[in-house]
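Step one of this worksheet: look at the structure below.
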Amino acid sequence: MEGVSVRNLADRFGTPLYVYSEAAILSQIRRFEAAFSGLPHLFCYALKANPSGRLCRLISSRGLGADIVSGGEMERALRSGFPASRIIFSGVGKTESELKWAVRRRLLFINVESEEELRRLEGVAKRLNKTADISVRVNPDIDPRTHRHITTGLAVNKFGVPPAAARDLFRRAAKRKHLRPVAIQCHLGSQIREVKPYLSALRQLLSLARSLAADGIPLRWLDIGGGMGVAEGEKGELNPETLAAAIASEMGANPLRLILEPGRALVAGSGALLMKVLYRKASAGDGLLRGPRDSALGPGSASGAWGAPGTRLRRGRGGPRFVIVDAGMNDFARPSLYDAQHPIVPAVLPRGGPKFRADVVGPICETGDFVAKDRLLPWPAPGDVWALLMAGAYGFSMSSQYNSRPRAAEVLVSGQEAVLIRRRETLKDLFALER
């Protein structure tokens, strides 16, 4: 990673370990800025993808805004240098206290997602004697053709309101002293790899914005959300150049300024989760787990469950084979939640040698605890370090202490330097809040 050996990082900081490349994040920001340079725009980084303070400060220093979905993310964004004037607040379940914080801090706008939320926000702003800038999140009922758990723009999803209801909310807000409509927003989902859903949503938003302008409600911002797909398994990315060209063609000379909310697209490729091989295991009756690198384990056959050296092995009649690593679903939940397929490579690349098919699994007491299924991988030995790639987004941010496992450490690599940006939790940390 940049100029640093990830094997050395694993030795120095332990595993499981999240490592991020500063250069990779900056490269993605430059790529997005170049792609959309022909359009007046603001990128608001979706903090939920990776809220690490050091990464957020790096991103805010490049002039990006922030997309937040909780009071905690609001505090993180402000502490990381995102000015309130570049923060947008989304989410269907904002509490009254969160709305108070948002109104007091004068965020760029608050995304309203229901009639009752609009009424509550008006009440909060009135009691504070302030005016809240708002957007209404439109649910365009568009299928983004992604995993069912990460669709957000279908009528069956909890997010936003239909276009007709959105128009009514805008009209109502425009008549209120303490509310000011300034933007229109939608978000279709995540890991979207086609331009077509974005264009379909954009047409709906533009049509609604023109209708509102005719009603005397001119808006400033048009926010089409994020969700641009990154490479995963055999699926490629939606590159920003293609998306920018399509959006520019559709918007034409429209005076609205564009907002995009990239999260995963900026940070996913910057990160890897380092994990250590603990054991190999085969189903009952499938032979011994021996190989040419196993001399430290004592004498034994070099054949068996993993096959003779130089062979490519597939699942046999004896059932699956497992490589057990020290990273579990509490460290990285995406394979279990979304059937995500992340590349896995050895930290030290072998020269030739056999490969085998196995499930890579963690230590959590759940059958759903796996990193990869039926993956063709180089022959491992206990103690080998493997890197799970494209782990910079929704990795640590979704991690937990399930099974009373302390959460991993995080390291940022810049050139030849590696800096610990979050220490590994200890057993003492597990009990620190208990009384």
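The values are calculated or read from the model by the stated rules, or taken from the named source; none is laboratory data. None of the values given here were measured: they were computed from a predicted structure. Note: ideal-geometry Cβ built from the backbone for every residue, glycine included; neighbour counts use all protein chains shown.
Below are the figures for this structure:
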read-out	value
Any hit, the range 338-355, residues being loosely packed, with under 14 Cβ neighbours inside 10 Å and at pLDDT below 55	no
Residue within the range 199-211 that is assigned to a helix (DSSP H, G or I), farther than 16 Å from PRO163 by Cα, over 25 Å from the mean Cα position of the chain (by Cα) and at pLDDT 90 or above present	no
The range 8-41 - residue that is in a helix (DSSP H, G or I) and of a type in the set (Gly, Ala, Ser) and, of those, surrounded by the fewest Cβ atoms within 10 Å (Cβ to Cβ)	ALA34
Filter result for ARG280 (surrounded by 22 or more Cβ atoms within 10 Å (Cβ to Cβ) and either outside the structural domain of ASP141 (by TED's automatic domain parsing) or among the basic types (Lys, Arg) (or both))	no
Pairs where the first residue, in the range 116-130, is more than 15 Å from GLY93 (Cα to Cα) and of a type in the set (Gly, Ala, Ser) and the second is part of a loop (DSSP other than H, G, I, E, B) and at pLDDT 95 or above, C-beta under 7 Å, 6+ apart	ALA125/THR131; ALA125/HIS178
Residue, surrounded by the most Cβ atoms within 10 Å (Cβ to Cβ), within the range 65-86, restricted to residues that are more than 15 Å from GLY53 (Cβ to Cβ) and within 18 Å of the chain's Cα centre (by Cα)	ASP67
Residue check for GLU237: farther than 30 Å from ASN129 by Cβ, part of a loop (DSSP other than H, G, I, E, B) and in contact with a Gly (Cβ under 7 Å, 6 or more places away or on another chain)	yes
Subset tally (residues that are hydrophobic (A, V, I, L, M, F, W, C) and touching a strand residue (DSSP E or B) at 6+ places or on another chain (Cβ under 6 Å)) for the range 54-87	8
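Yes/no per residue for (1) in contact with a Lys or Arg (Cβ under 8 Å, 6 or more places away or on another chain); (2) within 14 Å of VAL182 (Cβ to Cβ); (3) without any contact (Cβ under 8 Å) to a residue 24 or more places away in the chain; (4) not polar (S, T, N, Q):
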position	(1), (2), (3), (4)
CYS56	yes, no, no, yes
ALA66	yes, no, yes, yes
SER80	yes, no, no, no
PRO83	no, no, yes, yes
THR95	no, no, no, no
VAL112	yes, yes, no, yes
ARG137	no, yes, no, yes
ASP141	no, no, yes, yes
